[in-house]
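J.: Attaching a single structure in structure tokens format; questions to follow.
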């Protein structure tokens with residue numbers, strides 16, 4: 001059987017981004033969803049006990065760090081299947 005493939009594509013619509021980090025001796029986790037072609041949404045930062053960090057003045061630095069981590073993540077380097 002002879003055939004000629006003219007085009008193939010495996011397209012991932014979205015990626016779940018996750019990272020762990022430490023700040024001032026405490027451990028945190030940041031998660032986000034990256035939509036291919038549309039950008040990032042739903043950036044959430046969690047404490048070590050998995051409680052979500054709320055947006056208040058004391059935790060602005062932690063939220064900013066988490067946002068920077070996922071926004072600067074090299075998706076190709078850290079992609080797993």
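The values are calculated or read from the model by the stated rules, or taken from the named source; none is laboratory data. Worth saying up front: this structure is predicted, and the values here are computed from it rather than measured. Every residue, glycine as well, gets a Cβ built from its backbone with ideal geometry; the counts of neighbours run over all protein chains shown.
J.: Of all residues in segment 63-76, how many are within 24 Å of residue 11 (Cβ to Cβ), modelled with pLDDT of 90 or more and assigned to a helix (DSSP H, G or I)?
T.: 2
J.: What's the total number of residues in segment 1-32 that are assigned to a loop (DSSP other than H, G, I, E, B) and more than 18 Å from residue 59 (Cα to Cα)?
T.: In the first step, residues of segment 1-32 are kept if they are assigned to a loop (DSSP other than H, G, I, E, B); the result is 1-13, 24-25.
Then drop every residue that is not more than 18 Å from residue 59 (Cα to Cα), which leaves 1-13.
Result for segment 1-32: 13.
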